[in-house]
Every structure is written in structure tokens, then in C-alpha cells.
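**Student:** Pasting a structure below so you can have a look.
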Number of protein chains: 2
Amino acid sequence: MTAKSKGTILSYRRDVRVVDATVRDGGLVNDFRFTDEFIKNLYRANIKAGVDYMEFGYKASRDIFPEEDFGPWKFCKEEDLRRIVGDNDSDMKIAVMADVGRTDFRHDIIDKNDSVIDLVRVATYINTIPAAVEMVEYCHDKGYETTINIMAISSDNDSDIDEALHLIGQSPANGIYIVDSYGAIYPEQMRKLADKYLSAAEKYNKYIGIHAHNNQQLAFANTIEALSRGVSYLDVTVSGMGRGAGNCASELMLGFLKNPKYNILPILDILEHEIVPLKEQGVIWGYDIPYLLTGQLNQHPRTAIAATKEHRTDYRKFYVDLVDYK
Amino acid sequence: MTAKSKGTILSYRRDVRVVDATVRDGGLVNDFRFTDEFIKNLYRANIKAGVDYMEFGYKASRDIFPEEDFGPWKFCKEEDLRRIVGDNDSDMKIAVMADVGRTDFRHDIIDKNDSVIDLVRVATYINTIPAAVEMVEYCHDKGYETTINIMAISSDNDSDIDEALHLIGQSPANGIYIVDSYGAIYPEQMRKLADKYLSAAEKYNKYIGIHAHNNQQLAFANTIEALSRGVSYLDVTVSGMGRGAGNCASELMLGFLKNPKYNILPILDILEHEIVPLKEQGVIWGYDIPYLLTGQLNQHPRTAIAATKEHRTDYRKFYVDLVDYK
């Protein structure tokens with residue numbers, strides 16, 4: 001267990017990696033219908049900004065999800081990736097997410113030698129860890145770096161988390177992610193969770209990542225607090241773009257990190273030239289009262305997403321219904 | 001020095017006080033031009049929500065500020081306050097703010113026996129502490145509870161802060177406030193500042209308060225982190241309404257605090273019936289990229305306020321100008 005914070009407010013740690021998840025988590029807002037120009041500009045900006053990984057989307061099963069219902073980044077086919085990145089002649093690595101139970105991984109995840117993808121992040125709930133481990137073993141054998149991202153951790157109890165970390169610890173996964181899907185975790189709790197994960201990380205020689213949601217305006221705070229404990233893979237999205245209340249914003253993180261390799265300016269360009277137009281087109285994400293309330297109540301944001309789409313402002317009724325439902 | 005956090009995530013501390021500063025800090029956005037209906041509804045909602053203090057505005061000098069340029073809450077005349085609260089037959093206390101150098105306190109702050117005001121908060125920069133102490137002595141002699149709020153503390157050095165706390169410690173002020181005017185302070189720094197203030201508080205028998213700004217989406221995080229160290233007076237505003245990026249939102253705080261006296265529902269009503277219309281009228285506050293950048297650079301938000309009013313989205317140019325200016 002890490003008893004003291006790692007690093008200081010002025011120095012930096014060489015193990016830190018910034019992971020841009022704008023297209024993957026932001027794609028949940030617009031069904032992955034980004035223009036190629038958006039993706040190309042973001043790819044170039046991330047490289048210039050010193051971002052370490054860019055997650056392009058999901059490797060979703062086309063048996064489960066009809067291709068015509070989504071933009072290409074729901075599936076991240078090799079040909080679509082290469083249309084943007086070519087052979088990815090850069091220091092930035094390419095990541096994709098694979099959901100347990102919703103990925104045809106034996107068919108869609110090809111040999112690393114034939115792919116521009118570097119990292120496969122396997123997303124799982126705590127009750128499907130063995131399936132996640134199976135996927136990680138498969139991807140590992142294919143030559144990929146892998147992580148297991150345990151979602152919705154705020155609704156799990158400590159002993160289950162301990163067991164999950166033990167199971168994942170024995171897998172070939174390179175990293176384990178703390179995922180606050182509901183945006184329900186407070187910094188005090190995040191520090192304790194980080195210490196728990198880091199304890200497993202030390203034992204099993206893994207790194208720990210964090211993916212935070214902004215329901216209570218705590219995504220950035222929770223990310224830098226986890227960082228201060230020793231968590232090293234930091235998920236961000238430009239303008240916090242992501243499902244519901246969104247994520248930790250790239251521009252907050254890049255302005256905070258002290259490693260001179262990071263540069264906020266290319267992200268400011270993306271905000272001006274890509275995000276402002278996207279918002280003007282009516283694509284909606286970010287902190288709002290319904291998300292705050294599901295976060296406070298440690299619930300899935302689906303009711304809040306529906307309320308926000310309907311532009312509901314009857315917050316009292318919304319809250320009372322949430323409490324009843326609970 | 002408080003070495004460990006006070007309180008836990010499930011219990012509550014009886015010394016905590018929630019201070020609603022919506023009208024005072026929010027008034028900086030609309031020149032204090034709230035309708036009486038807004039103020040009355042907010043007053044009633046705060047009482048129902050269990051809020052401990054409501055700050056109605058400034059006691060600004062009418063010699064310096066022409067009355068016709070502002071709504072009544074720039075001046076908080078006794079007759080205006082009483083039009084809203086009568087004799088304030090409630091458990092909630094009434095606060096006003098008095099700025100050093102901009103208050104005609106010997107004329108405008110009358111005997112407590114003749115006033116519905118309970119608390120006078122004296123706002124000062126660190127280089128005018130003796131003037132703040134003089135005001136506090138005056139108000140104390142008139143019968144008021146008082147605080148000294150040291151603004152823009154993120155640009156002061158530790159030894160100056162130590163001396164300021166020593167000077168204020170010897171004054172009759174009941175409380176001392178940490179004020180992050182620039183929204184520049186990170187939770188790790190806030191915890192250290194809180195410990196420093198609390199050390200003085202213990203020595204001189206004062207309470208410590210916090211007033212946070214949301215430039216980096218850290219107002220709520222910094223407030224609950226300061227709370228966890230022992231800070232007890234917590235400034236909030238409905239919807240975070242306040243200058244620039246605004247403040248710690250009442251609805252975030254009331255959903256977090258575990259004391260059953262606090263109730264979020266009346267604040268949800270205010271959000272629906274008062275804040276949504278205010279925003280629709282074009283009153284603007286809250287997190288935005290220019291505020292983020294002044295916060296990151298530890299600068300006064302005045303340039304960001306101007307940029308936001310002009311709806312500027314040329315963030316790179318704005319940033320480069322900020323860095324040049326610095």
C-alpha cells in the first residue's frame with residue numbers, strides 16, 4: 001500500500017501516460033459519426049500535444065450492432081484506422097476498446113503484426129472478469145498491450161474488488177483501470193481506491209489507470225488525486241466529450257502536467273476549430289443537473305441522459321423519481 | 001497542524017456551516033439587478049434547505065459607486081433587506097460583504113441592535129490586512145459576527161500568509177476565509193493551505209472558511225477537501241452563480257453533506273424556476289475555456305471575463321496573450 005503521495009506539484013513522473021479517449025467515449029454521444037477531418041485533425045493535434053495514446057473507438061461486434069446504425073469508430077476496422085493514421089508513423093500509440101460480451105474478438109482482433117493498433121482495453125463489469133481475462137489472454141497472444149477496465153466500480157464492494165484485482169493480477173493484462181462510470185466517487189474515496197489498486201499493481205507488476213466521469217464536477221480532481229497516489233495512465237477527452245456528464249478534459253490535464261513534452265496549444269486549436277462547431281450542431285455533453293443527481297445517488301446515468309435529451313428542467317420531480325427507483 | 005482528516009465520508013461534523021453567496025457573488029455577473037421575487041424565493045429556499053447563512057450582497061460605499069449603476073444588493077441598505085426578510089424570523093443568519101477601501105463602514109454599518117444583519121465579512125487583499133482589522137474591530141464593537149476573507153491567496157507566498165494569519169489571529173474576527181479568487185489552487189495545495197489556516201485557527205480560537213472558484217472545475221473538490229481537513233464555513237452559490245467561472249454549487253454541496261438538516265430539494269426548485277430563466281435571459285457564468293486558462297496561469301480572471309463577453313473562441317491567441325502578459 002502506497003502510504004504517501006508520489007511526485008510533487010512541480011516535478012513530474014516519467015511513468016505517466018495521457019490517453020485521449022475523445023472518439024471512443026465521445027462517440028457514445030453522436031453514435032461515432034465523426035467526419036474523417038475531425039478524426040485526422042484530432043490525431044495530429046494529439047501527437048503535437050504529446051498525448052501518449054489515442055483511443056479511436058470500439059471493436060464492437062457487427063453481429064450485435066448493425067454497421068449502418070453507427071459511424072466507423074464503433075468498429076475500428078483496420079482499413080478505417082489506416083485511412084486516418086497510415087502506418088501511424090508517430091510516437092503516439094493507437095488504442096481501441098473491446099467490451100466483454102459485445103466483441104467478436106476471435107474474428108475482429110487480428111495479429112498485431114498486421115494492425116496499427118497497439119493497445120486493446122477490455123471493458124468489463126466486475127461479474128464478468130473471467131470473460132475479460134479470456135479476451136486479454138487472446139489479445140496478449142496476438143501481440144497487443146492490454147488493460148482490463150472494471151466499470152461502475154462505485155457500486156462494488158471492497159472484497160469483490162480485492163478478488164477482481166487478484167484475478168486480473170494473474171492475467172497477462174499490462175494495466176488495470178479504475179472506472180468511475182457513474183461519476184459517484186469523491187476524491188477521498190478515489191485516493192483509497194487508488195491505493196488499493198496500486199497495492200495489487202505492485203504485487204502483480206501492472207500499471208494502474210483512471211477513467212473518471214464529471215457528474216459531480218470531480219473528473220479532473222479525481223484524476224489528479226489518483227495521479228498523486230501513483231496511478232499513471234490518465235484518460236482524458238477534449239472538452240471532456242463523453243457520455244452524459246463527460247470525462248476529465250484534456251485541456252485541464254495538459255495544463256496541469258509538468259512534463260515539458262505536453263503542450264496545451266494544439267488542443268486549444270481543436271477546441272476552437274472542431275469542438276465549438278460540434279456544439280453548435282447540437283451535439284450535447286457535459287455537466288448538467290440530472291447527471292449531478294444520478295452521480296450523487298450512485299446510479300447509472302441512463303435516466304439523466306434521457307432527461308437531458310428531452311431538455312427537462314423539472315429537477316425536483318426527476319430527483320424524486322430517482323430516489324423512488326432506487 | 002491537523003495531521004489527519006476530520007470527519008468521515010458517512011458521518012457529519014456539527015461545526016459545519018453552509019454559506020449561500022449567490023446574490024453577493026452572482027451579483028457581480030448582473031450588477032446586482034435581481035428581482036425582489038428572485039431574492040425572496042432564494043431566501044425561502046435557503047431556509048428550507050437548511051442553509052446556515054445567506055449573504056445578500058455588499059455594503060458598498062455610495063460615494064464610490066453611484067446607486068443608479070447597480071441593483072440594491074450592491075449596497076444592502078437596511079430597508080432593502082427588511083423588504084425581503086422582515087425581521088428574519090428564521091434560523092438562517094444574514095451576511096453582507098464589506099470590501100476594504102470600498103466601504104463607508106463608519107456611516108453604513110449601524111448598530112447590530114438596529115439591523116437584521118448578523119455577519120459582516122470583510123474582504124481584503126493580503127497587503128491591506130491592517131485596514132481589514134480596523135473594519136473588523138469596528139463591526140465587532142457594533143455587535144456583529146465578523147470574518148476576514150483574504151482574497152487571491154494563490155498569488156501570495158507562505159511567509160506573508162503566516163504573518164497575515166498572525167495579525168488576523170489577534171483581531172476580534174470570528175473567522176478567517178481561504179479565498180481562491182483566481183481558481184488556481186489544486187486540491188493537494190488546498191489541503192496544505194487548510195492545514196496552515198487551521199493551525200492559526202486553533203491557536204487564536206477562530207473558525208476557517210473557504211470560498212472557491214471553478215476556473216479549473218475544482219471549486220467543489222477544493223471545498224470538500226478543505227472540509228475534510230477541518231474547514232467549517234463553506235461558501236456555495238446556486239448553480240455556482242458567481243463572477244467568471246463561478247463558485248462551488250449549492251446543489252453539489254447539499255447532496256454531499258450528510259447532516260440530515262440539509263435538503264437539496266428547495267435548491268432544485270430554485271434551479272428550475274429562477275436559474276433556468278436567468279440563463280435564458282442571457283446572464284452568463286460558469287466554467288469556460290478562457291477561465292480555465294487564467295486559472296491555470298494563476299491570473300486574475302478579468303481578461304477571461306472580457307473574452308467570454310465577446311464570445312471569443314480563438315483560445316490559442318487568448319492563451320498566448322496571457323502568457324506574454326505574465
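**Student:** Throw me the Rg/Rh for region B:169-326, computed over C-alpha atoms with Kirkwood Rh, two decimals. Can you show the working numbers first?
**Tutor:** Values: Rg = 17.1 Å, Rh = 16.8 Å.
So for region B:169-326, dividing Rg by the Kirkwood Rh gives 1.02.
**Student:** Other chains near B:179-187: what is the mean number of their Cβ atoms within 10 Å of each residue's Cβ?
**Tutor:** Working: counts 0, 0, 0, 0, 0, 0, 0, 7, 9.
Across the residues of B:179-187, the mean count of other-chain Cβ atoms within 10 Å is 2.
**Student:** Run the 1.4 Å probe and let me know the accessible area of A:Lys48, rounded to the nearest 10 Å².
**Tutor:** In the full protein context, A:Lys48 sits at about 140 Å².
**Student:** Taking each label point as 7 Å beyond Cα in the direction of the beta carbon, state the distances from B:Gln170 to the same residue in the other copies, shortest first, in nm.
**Tutor:** Label point to label point, same position, other copies: 6.8 nm.
**Student:** Would you mind listing the distances between the B:Gly86 label point and the same position in each other copy? Use 7 Å along Cα-to-C-beta, nm, one decimal, shortest first.
**Tutor:** Once sorted, the set of distances for B:Gly86 reads 7.7 nm.
**Student:** Inside 10 Å of the C-beta atoms of B:217-224, what's the mean count of C-beta atoms belonging to other chains?
**Tutor:** That average works out to 6.
**Student:** Continuing with this model, one more query. Taking θ = phi - 60°, what integer Hz values does the Karplus form 6.51 cos²θ - 1.76 cosθ + 1.60 yield along region A:174-183, in sequence order, with x for Gly and Pro?
**Tutor:** 7, x, 10, 10, 7, 10, 9, 4, 8, x
**Student:** For every helix of n ≥ 4 consecutive DSSP H residues, a contribution of -39,500 (n - 2.57) applies; sum these over the protein assembly as shown, divide by its total residues, and give [θ] at 222 nm rounded to the nearest 500 deg cm²/dmol. If you can, show how the numbers build up before the last one.
**Tutor:** Details: 28 runs with 270 residues, N = 652.
Taken over the protein assembly as shown, the calculation gives -12000 deg cm²/dmol.
**Student:** Starting from the coordinates of the alpha-carbon atoms of the protein assembly as shown, obtain the Kirkwood hydrodynamic radius over all distinct pairs and give the value in Å to one decimal.
**Tutor:** Working: mean 1/r = 0.0389 Å⁻¹.
Taking the inverse mean of 1/r over all distinct Cα pairs, the protein assembly as shown comes out at 25.7 Å.
**Student:** Mind checking the log10 I(q)/I(0) for region B:191-231 at q = 0.16, 0.23, 0.28, 0.34 Å⁻¹? Debye, one equal scatterer per Cα, no solvent, two decimals.
**Tutor:** Taken in order of the listed q values, log10 I(q)/I(0) reads -0.38, -0.69, -0.91, -1.13.
**Student:** In addition: Any idea what log10 I(q)/I(0) is at q = 0.24, 0.27, 0.29, 0.33 Å⁻¹ for region B:169-213, Debye with uniform C-alpha scatterers and no solvent?
**Tutor:** One equal scatterer on each Cα of region B:169-213 leads to -0.82, -0.95, -1.03, -1.17.
**Student:** Apply the Karplus parameterisation 6.51 cos²θ - 1.76 cosθ + 1.60, with θ equal to phi minus 60°, to every residue of region B:258-270 and state each ³J(HN,Hα) to the nearest whole Hz, in sequence, with x for glycine and proline.
**Tutor:** Computed from phi, the couplings for region B:258-270 are 9, 5, x, 5, 8, 9, 6, 4, x, 6, 4, 4, 5 Hz.
**Student:** Mind grabbing the base-10 log of I(q)/I(0) for region A:1-155 at q = 0.10 Å⁻¹? Debye formula, identical points on the C-alpha positions, no solvent, two decimal places.
**Tutor:** Values returned for q = 0.10 Å⁻¹ are -0.38.
**Student:** Over the Cα atoms of chain A, compute the convex hull volume and normalise it per residue, giving Å³.
**Tutor:** Values: hull volume 42.4 nm³, N = 326.
It is 130 Å³ per residue.
**Student:** First compute the accessible area of the protein assembly as shown with a 1.4 Å probe, then give the percent of it belonging to carbon and sulfur atoms. Show your work: numbers first, answer last.
**Tutor:** Values: 11730 of 25250 Å².
Taking all protein chains in place, the protein assembly as shown shows 46 percent carbon and sulfur surface.
**Student:** Sticking with this structure for a sec: Take the residue pairs A:Lys317/B:Lys93; B:Lys74/B:Lys142; B:Lys74/B:Lys206; A:Lys206/B:Lys258 and return only those whose Cα atoms are more than 26 Å apart. Don't skip to the end; give the middle numbers.
**Tutor:** On the way: A:Lys317/B:Lys93 29 Å; B:Lys74/B:Lys142 21 Å; B:Lys74/B:Lys206 28 Å; A:Lys206/B:Lys258 37 Å.
Table pairs above 26 Å Cα-Cα are A:Lys317/B:Lys93; B:Lys74/B:Lys206; A:Lys206/B:Lys258.
**Student:** Can you list the lysines whose alpha carbon sits under 20 Å from that of A:Lys203, skipping same-chain ones fewer than 8 residues off?
**Tutor:** A:Lys4, A:Lys6, A:Lys192
**Student:** Before I look further, what does chain B give for accessible area per residue, probe 1.4 Å, in whole square angstrom?
**Tutor:** Values: 12630 Å² over 326 residues.
That works out to 39 Å² for each residue.
**Student:** Provide a whole-number value for the mean count of partner chain Cβ atoms within 10 Å of the Cβ atoms in peptide A:305-315. Mind showing how you got there, number by number?
**Tutor:** Numbers: counts 0, 0, 0, 0, 0, 0, 1, 1, 7, 3, 12.
Per-residue shielding by partner chains comes out at 2.
**Student:** Restricting the calculation to Cα positions, tell me the Rg (one decimal) and the Dmax (whole number) of region A:132-252 in Å.
**Tutor:** 13.9, 40
**Student:** Work out how much length A:Arg62 to A:Tyr204 would gain on full extension: take 0.36 nm times their residue separation and subtract the Cα-Cα distance, in nm to one decimal.
**Tutor:** On the way: separation 142, 0.36 × 142 = 51.12 nm, distance 3.47 nm.
Gain on stretching A:Arg62 to A:Tyr204: 47.6 nm.
**Student:** Using only C-alpha atoms and all pairs of different ones, pull out the Kirkwood radius for region B:224-316 in Å with one decimal.
**Tutor:** Numbers: mean 1/r = 0.0669 Å⁻¹.
The Cα-based Kirkwood calculation yields 14.9 Å.
**Student:** Multiplying the sequence separation of B:Arg33 and B:Asp104 by 0.36 nm and subtracting their Cα-Cα distance, what value in nm do you get?
**Tutor:** Details: separation 71, 0.36 × 71 = 25.56 nm, distance 2.15 nm.
Length difference between fully extended and current span is 23.4 nm.
**Student:** Using every alpha carbon pair in region B:47-130, what percent of pairs falls into each 10 Å bin from 0 up to the bin containing the largest distance?
**Tutor:** 17, 49, 28, 6
**Student:** While we're here: So what's Rg/Rh here for region B:68-188, counting alpha carbon atoms and using the Kirkwood radius for Rh?
**Tutor:** Details: Rg = 15.4 Å, Rh = 15.4 Å.
Checking Rg against Rh, the ratio lands at 1.00.
**Student:** Show me you know the interface measure: the accessible area buried between A and B, both chains summed, probe 1.4 Å, in Å² to the nearest 100.
**Tutor:** Numbers: alone 14370 and 14390 Å², together 25250 Å².
So the total buried area for this chain pair works out to about 3500 Å².
**Student:** Considering every pair of different Cα atoms, what Kirkwood radius, in Å, is found for region A:1-69? Walk me through the numbers before you get to the answer.
**Tutor:** Numbers: mean 1/r = 0.0675 Å⁻¹.
Averaging 1/r across every pair of different Cα atoms and inverting gives 14.8 Å.
The values are calculated or read from the model by the stated rules, or taken from the named source; none is laboratory data. Remember, it's a predicted structure, so these values are computed and weren't measured experimentally. Positions of Cβ are generated from backbone atoms using ideal geometry, with glycine treated the same way; all protein chains shown enter the neighbour counts. All accessible areas refer to the heavy atoms of the entire protein, side chains included, with ligands and DNA or RNA removed. Shrake-Rupley method; radii C 1.70, N 1.55, O 1.52, S 1.80 Å.
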